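To start, the structure itself, in C-alpha coordinates.
The values are calculated or read from the model by the stated rules, or taken from the named source; none is laboratory data. Quick caveat: nothing in here was measured; it's all calculated off a predicted structure. Using ideal geometry, Cβ is built from the backbone for each residue, glycine included, and neighbour counts are taken over all protein chains shown. These accessible areas exclude ligands, DNA and RNA; they are computed on the full protein's heavy atoms, side chains included. Shrake-Rupley method; radii C 1.70, N 1.55, O 1.52, S 1.80 Å.
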Amino acid sequence: MEDSLHHATAADPDDARRQLQVAARRARFINVSITLGTIAALLVAIVVALLFASTFVPLNLAAYVALLFVLAMAALVGSLLSFLLEVRVAIAALRIGTQ
(Lines give C-alpha, C1' and ligand atoms only; values in the text may rest on other atoms or scores of the structure.)
Protein backbone atom coordinates (compact mmCIF):
# COMPACT_ATOMS: atom_id res chain seq x y z
CA MET A 1 0.00 0.00 0.00
CA GLU A 2 2.86 2.36 0.81
CA ASP A 3 4.50 1.57 -2.53
CA SER A 4 1.34 2.24 -4.50
CA LEU A 5 0.81 5.51 -2.64
CA HIS A 6 4.43 6.52 -3.07
CA HIS A 7 4.44 5.77 -6.79
CA ALA A 8 0.99 7.33 -7.31
CA THR A 9 -0.54 4.08 -8.52
CA ALA A 10 -3.17 3.90 -5.79
CA ALA A 11 -6.72 4.07 -7.11
CA ASP A 12 -7.76 6.33 -4.23
CA PRO A 13 -4.77 8.02 -2.55
CA ASP A 14 -6.90 9.45 0.27
CA ASP A 15 -8.26 6.01 1.08
CA ALA A 16 -4.76 4.55 1.02
CA ARG A 17 -3.56 7.26 3.41
CA ARG A 18 -6.47 6.56 5.78
CA GLN A 19 -5.71 2.84 5.73
CA LEU A 20 -2.05 3.51 6.46
CA GLN A 21 -2.98 5.82 9.35
CA VAL A 22 -5.26 3.15 10.81
CA ALA A 23 -2.53 0.52 10.41
CA ALA A 24 0.03 2.82 12.09
CA ARG A 25 -2.35 3.54 14.96
CA ARG A 26 -3.08 -0.16 15.42
CA ALA A 27 0.65 -0.95 15.34
CA ARG A 28 1.29 1.59 18.11
CA PHE A 29 -1.44 0.09 20.31
CA ILE A 30 -0.15 -3.44 19.65
CA ASN A 31 3.42 -2.39 20.46
CA VAL A 32 2.35 -0.76 23.74
CA SER A 33 0.23 -3.78 24.63
CA ILE A 34 3.02 -6.28 24.01
CA THR A 35 5.57 -4.13 25.83
CA LEU A 36 3.39 -3.68 28.91
CA GLY A 37 2.43 -7.37 28.89
CA THR A 38 6.09 -8.34 28.79
CA ILE A 39 6.93 -5.93 31.61
CA ALA A 40 4.07 -7.38 33.67
CA ALA A 41 5.34 -10.92 33.11
CA LEU A 42 8.90 -9.93 34.06
CA LEU A 43 7.70 -8.19 37.22
CA VAL A 44 5.67 -11.25 38.23
CA ALA A 45 8.74 -13.42 37.66
CA ILE A 46 10.76 -11.11 39.90
CA VAL A 47 8.03 -11.27 42.56
CA VAL A 48 8.13 -15.07 42.47
CA ALA A 49 11.94 -15.04 42.69
CA LEU A 50 11.84 -12.66 45.65
CA LEU A 51 9.24 -14.78 47.43
CA PHE A 52 11.35 -17.85 46.82
CA ALA A 53 14.52 -16.07 47.99
CA SER A 54 12.81 -14.72 51.09
CA THR A 55 12.48 -18.26 52.44
CA PHE A 56 16.28 -18.64 52.41
CA VAL A 57 17.45 -15.11 53.18
CA PRO A 58 16.51 -13.61 56.53
CA LEU A 59 15.40 -10.29 55.00
CA ASN A 60 11.99 -8.69 55.07
CA LEU A 61 11.19 -8.34 51.36
CA ALA A 62 7.44 -7.79 51.83
CA ALA A 63 7.54 -4.12 50.79
CA TYR A 64 9.49 -4.92 47.62
CA VAL A 65 7.19 -7.81 46.77
CA ALA A 66 4.11 -5.65 47.29
CA LEU A 67 5.48 -2.78 45.20
CA LEU A 68 6.54 -5.05 42.34
CA PHE A 69 3.18 -6.82 42.41
CA VAL A 70 1.29 -3.51 42.19
CA LEU A 71 3.53 -2.43 39.31
CA ALA A 72 2.94 -5.76 37.57
CA MET A 73 -0.83 -5.38 37.90
CA ALA A 74 -0.67 -1.79 36.61
CA ALA A 75 1.35 -2.94 33.60
CA LEU A 76 -1.12 -5.76 32.97
CA VAL A 77 -4.09 -3.39 33.13
CA GLY A 78 -2.30 -1.00 30.76
CA SER A 79 -1.56 -3.87 28.39
CA LEU A 80 -5.17 -5.02 28.36
CA LEU A 81 -6.48 -1.48 27.85
CA SER A 82 -4.10 -0.93 24.95
CA PHE A 83 -5.20 -4.23 23.43
CA LEU A 84 -8.85 -3.24 23.85
CA LEU A 85 -8.19 0.08 22.10
CA GLU A 86 -6.47 -1.72 19.23
CA VAL A 87 -9.45 -4.03 18.81
CA ARG A 88 -11.82 -1.06 18.80
CA VAL A 89 -9.73 0.71 16.15
CA ALA A 90 -9.70 -2.48 14.05
CA ILE A 91 -13.47 -2.91 14.32
CA ALA A 92 -14.10 0.76 13.51
CA ALA A 93 -11.95 0.42 10.39
CA LEU A 94 -13.92 -2.53 9.05
CA ARG A 95 -15.92 -1.91 5.94
CA ILE A 96 -19.13 -3.80 5.63
CA GLY A 97 -20.46 -4.27 2.11
CA THR A 98 -19.10 -2.91 -1.12
CA GLN A 99 -18.40 0.69 -1.93
If a residue has to be open to solvent by 100 Å² or more (accessible area, probe 1.4 Å) and under 23 Å from residue 30 (Cα atoms) to count, how many in the stretch 44-68 make the cut? 0
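Which residues, taken from the stretch 46-99, are assigned to a loop (DSSP other than H, G, I, E, B) and among the aliphatic types (A, V, I, L, M)?
Looking only at the stretch 46-99, we keep the residues that are assigned to a loop (DSSP other than H, G, I, E, B), and these are 55-61, 94-99.
Scanning the stretch 46-99 gives 57, 59, 61, 94, 96.
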First in the stretch 23-40 and touching a residue at least 60 places away in the same chain (Cβ under 8 Å), second anywhere and open to solvent by 70 Å² or more (accessible area, probe 1.4 Å), Cβ under 7 Å, 6 or more apart: 29/85
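Can you tell me which residues in the stretch 68-99 are over 22 Å from the mean Cα position of the chain (by Cα) and not small (Gly, Ala, Ser)? Working first, answer last.
So the first thing to find is which residues in the stretch 68-99 are over 22 Å from the mean Cα position of the chain (by Cα), and the list is 95-99.
Of everything in the stretch 68-99, those that are over 22 Å from the mean Cα position of the chain (by Cα) and not small (Gly, Ala, Ser) turn out to be 95, 96, 98, 99.
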